[in-house]
Structures are given as structure tokens and as C-alpha cells.
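The values are calculated or read from the model by the stated rules, or taken from the named source; none is laboratory data. Every value quoted in this text rests on a predicted model; they were computed, and no experiment measured them. Every residue, glycine as well, gets a Cβ built from its backbone with ideal geometry; the counts of neighbours run over all protein chains shown.
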Amino acid sequence: MSSEQSSTAITVDNVAKYYQIYEQPSDRLKQFVMPRLSRFTGKPPKTYGREFRALDGISFQVNRGETVGIIGRNGSGKSTLLQMICGTLTPTLGTIGTEGRIAALLELGAGFDPEFTGRENVYMNASVLGLSKPEIDARLEDILAFAEIGDFIDQPVKTYSSGMYVRLAFAVIAHVDADILVIDEALAVGDAFFVQKCMRFLRRFMEHGTVLFVSHDTAAVLNLCERAIWLDKGKVAAEGAPKEVADAYLKAFFESNQGASDTTKRNEEWHEEQRKRPVPRDMRQDIINASPHRNDLEIFAFDPHAEGFGKKGAIIEEVVLHDREGHPLTWVVGGEEVILTVKARVHQEQPMLQPIMGFYIKDRLGQTLFGDNTFVTYQSDPVSAMPGSTLEASFTFRMPVLPQGDYSISTAIADGTQDNHVQHHWLHDALFFKSHSSSQSHGLVGIPMHHIELQVDQRA
């Protein structure tokens, strides 16, 4: 094997996939029988179907260790391409070559037998991916811990929810030592806790492995991928830097919508945009006042057992997001004032001479949106903490306008300075909250506007 070959993980060379489409079932039977009779009688055969080209002349390479995103509208051939790369479909024309073990998370439930239990499907799926039974036995507890589906592991997967399917499928591919990960929109159905866990795994995997990532979400492609490929009607429309490809894709998408001749469709889209547009400040306050406590979602409570790391000389014991009146919040509206409180206890035998407590707020992709810590405020006058003492840090700020969805808060406590410190306890996803649907933002975060004015002079 040459060095050039060893540096390439996936090679797609002039690949095409054609299907015959029939208007009615009887046409399929006619296509099977009638051409044979026509040839027997010497007549030219008649075609009873039409050819649909799902993919036509696709070529590209993915290097080892590279993360490549594939974007495109529904029906552009993305899923068909991934299935051929994974070997579950055969190309009509062209060749596909891969180097290394591939683990794929394709359409929901792919690779699972609905009649088998979750445990049985783990063994079946992992064995298909190349693991022996002793290897699966050794990793089973880690797989089950990652999936977190409890006693359902011994129930038939046909009884699973879509989220449970994804949990188990991702847990398997995360523990088979794959060289290439192929992911097709599957994480869109996962809950916020599990999606964050998957994103942390994915980012670690990207440090050494190859990822082929399909998504309608251009923000996800921009954030995760080094290169992007835009498929349109079965062909490669553009390939290159994610920003350039995403911009071209969005331009074409909006131009096609503007050029639509269906007035009713355009009106519906316009009204949908009006429904999503940011709510004026006074209406935001009305939403807040309508449900002052907003503490009806127990699932968004602080999780002291969240994934984390550190020396454990101090332990974070409580994280609360609340309003000015002290009511805990599970959802927020952009522009409102919130207070984040983090409490920790010193467990080491020596005092903490210069404790630092801080936080990050992350979106569903694990992107850090903003954060802060106590270091600068107390740099000139450090507050020391004796063994057994409790520290409490409060951060008061106006919440930016966030797109609708789930967000996580990571918190940490350290001792030292910004550049030289001991990390005692870092908690990923210590707390989750939702952004209310009225807080619609075009971008990762938006600025809470105090006043917007539009004037029209009707004079000629």
C-alpha cells in the first residue's frame, strides 16, 4: 500500500445510482415479461417505467482524519450516497473504496432487528462491525452505560422510542474502535442530555478519526467540518470550504423559494416567518409574567453526576439559573435579566488560596456561546477558602436572544490564575434550559433590542 493510498479513507469515483420508477405495480410485471416476448417475436421492446437517477457521476475523496459535511435538500441523494459508502447499497456505475472499519448511524433503526432485544441487537450490530463475542462482552457494560436505557435493554427494540433507538445505536458505534464514522441526521431526534454526550464523543473522535457528516443544518456543518460537499439533484453542486459551500447552498435555496410561482405557498412561508420573528420587548415581559415560576420541568434540574473531571479538591454541589425574584428557571426569553448561582464545597485538607469559579453556556452542538468567571473581579483581592467551607458565585446578566432549542451550562471551580491553575471540578452539562420559541435569532446569539424603528416617506 502506497503512502498516497494510506492517507485516503474514502474514495468515490464517478458513482451513479439509477432506479426504475413505475406508475403502477402492473407496469413492473409488464417490464419483467413483455420485453422478453417482444424479443422472441422480433419486435422492439417497450419500456414501461422511467429511469430515476438518484446519483449521477459523483466523485470525491476524504482523507484520513478529515471531517467532511454533506448538505443538500431532501431528495438530493445524500442518504443514498452514505448507504453505498457503508456497503448497504450497490452503485449502478462507478466504484467506492474505503480504508478501515466503518461505523454508521443512518436512518432510524437501521441495522436493528425489531423483534430482538436491545442486548441481542448490540451483539448483532457490533459483530457486523467486526467485533468478536469476547470483545463485545468486554465492552458491553460501557455500551449500556453510554446508552442509559436501563431495563429496556432486555426488551424488544420495537417497543423503543426514537430517542432510545438513537441512544443504543450511537452507544454501539462509539465502542467498536471505528476508523470512519458516518452519521446521517440521526442525532436530530436525541434529547438534549444525550446529544451533548454524543457531541463530546464526536469531537474527541475527530482528533484522530474520519467523519462523514450529513445534515440539513448548515450551522452544524460550519462548526464541525473542515470541508463540505453540496449535493443537488444527484450531482455535486459545490465542494470546498464549509462557509463557501454553505453560502452557495443557502443562496440557491432562497432564490428557488423566491422564484416559486405558487402564491399560496409563498404566503404560507411569509406568515410562518412572521410567527417566528423576534417578539417586541413588552411582549417578552408578558410571556415572563404569565408564568413567573416556570419550574414545571423537573428534568432540567442540576445534575451533580454529570460527566466531568478534576482533582476533586473542591466539588460543585449546586447550580441554579433563576430570575431576579429567586425563582428557578427552566426556560428563558432573550433580554430578560437572569442570575446563575454556582455553589461548591472545599474537600481538600489545604486552603484554596485563589479560587476561580466560572461557567460556559453551550448550544446543542456543544459550541461555546459565552461565559465568564470570577478571576478578574477578585484578581487584586483574592478570596481564600478554608477546608470544609462553601463557596458561592453569582453571575447576573441579561440573557442574549437565543434560537429556539436546548442549551447547557458547564461550570467549573479551580485554584490559581487564568494561565496557571489546578482544575478541581469541571462539570459538563451541569444544567440545561430551553430558549422560548419567541426568542428567535438569526445567528448563534442575538442582541436584545431596546428599540427598532422603520420610517416610510410616501412623498415622491
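Among the listed residues Gly94, Gly75, Gly69, identify the single one that is outside any loop (DSSP other than H, G, I, E, B) and farther than 26 Å from His208 by Cα.
Gly94
Answer yes if at least one residue in segment 65-77 is assigned by TED's automatic domain parsing to the domain that holds Val211, under 25 Å from Ala126 (Cβ atoms) and either in contact with a helix residue (DSSP H, G or I) (Cβ under 8 Å, 6 or more places away or on another chain) or at pLDDT 85 or above (or both), and no otherwise.
Yes, segment 65-77 contains a residue that is assigned by TED's automatic domain parsing to the domain that holds Val211, under 25 Å from Ala126 (Cβ atoms) and either in contact with a helix residue (DSSP H, G or I) (Cβ under 8 Å, 6 or more places away or on another chain) or at pLDDT 85 or above (or both).
Given the conditions (1) on the phi > 0 side of the Ramachandran plot; (2) of a type outside the set (Val, Ile, Thr); (3) free of Cβ contacts under 8 Å to residues at least 40 places away in the same chain, which single one is not true for Tyr22?
(1)
Taking segment 112-141 as the search range and keeping residues that are without any contact (Cβ under 8 Å) to a residue 40 or more places away in the chain and of a type in the set (Val, Ile, Thr), which one is farthest from Arg101 (Cα to Cα)? It would help to see each step written out before you state the result.
Of all residues in segment 112-141, those without any contact (Cβ under 8 Å) to a residue 40 or more places away in the chain come to 119-120, 123-124, 127-128, 132-141.
Still in the running and of a type in the set (Val, Ile, Thr): 128, 136.
On the way: Val128: 11, Ile136: 16 Å.
My answer is Ile136.
Need a quick list: strands (runs of 3 or more DSSP E) entirely within segment 381-446 having at least 2 residues that are of a type in the set (Gly, Ala, Ser), touching a helix residue (DSSP H, G or I) at 6+ places or on another chain (Cβ under 9 Å) and under 30 Å from Gly334 (Cβ atoms).
405-416
crowded, with 20+ Cβ neighbours inside 10 Å and more than 24 Å from Val214 (Cα to Cα), is that true of Asn121?
Working: crowded, with 20+ Cβ neighbours inside 10 Å: yes; more than 24 Å from Val214 (Cα to Cα): yes.
Answer is yes for this residue.
Just checking, does segment 197-210 include any residue being modelled with pLDDT under 90 and among the polar types (S, T, N, Q)?
no
Scan Ile299, Ile316, Ile339, Ile361 and give me the residue that is among the aliphatic types (A, V, I, L, M) and at pLDDT below 85.
Values: Ile316 fails: at pLDDT below 85; Ile339 fails: at pLDDT below 85; Ile361 fails: at pLDDT below 85.
That would be Ile299, the only listed residue that is among the aliphatic types (A, V, I, L, M) and at pLDDT below 85.
If you take the residues of segment 320-334 that are part of a loop (DSSP other than H, G, I, E, B) and not charged (D, E, K, R), which of them is surrounded by the fewest Cβ atoms within 10 Å (Cβ to Cβ)?
Looking at residues that are part of a loop (DSSP other than H, G, I, E, B) and not charged (D, E, K, R), I get Gly326.
All but one of (1) within 23 Å of Gly69 (Cβ to Cβ); (2) surrounded by fewer than 23 Cβ atoms within 10 Å (Cβ to Cβ); (3) not assigned by TED's automatic domain parsing to the domain that holds Ala248 hold for Ala174; state the number of the condition that does not hold.
Ala174 satisfies all of (1) within 23 Å of Gly69 (Cβ to Cβ); (2) surrounded by fewer than 23 Cβ atoms within 10 Å (Cβ to Cβ); (3) not assigned by TED's automatic domain parsing to the domain that holds Ala248 except (2).
Which pairs do you get when a residue that is touching a residue at least 60 places away in the same chain (Cβ under 8 Å) and surrounded by fewer than 17 Cβ atoms within 10 Å (Cβ to Cβ), found in segment 74-97, comes within reach of a residue that is of a type in the set (Asp, Glu) and not in a loop (DSSP other than H, G, I, E, B), reach meaning Cβ atoms under 6 angstrom, with the pair 6+ apart or on two chains?
Thr95/Asp13
Between residues in segment 341-364 that are part of a loop (DSSP other than H, G, I, E, B) and residues that are aromatic (Phe, Trp, Tyr) and surrounded by 20 or more Cβ atoms within 10 Å (Cβ to Cβ), which pairs lie under 9 Å by C-beta distance while being six or more apart or on different chains?
Partner pairs satisfying both residue conditions: Asp363/Tyr407; Arg364/Tyr407.
Against the conditions (1) assigned by TED's automatic domain parsing to the domain that holds Asp247; (2) part of a loop (DSSP other than H, G, I, E, B), where does Leu222 fall short? Just the number, please.
Against the list (1) assigned by TED's automatic domain parsing to the domain that holds Asp247; (2) part of a loop (DSSP other than H, G, I, E, B), Leu222 comes up short only on (2).
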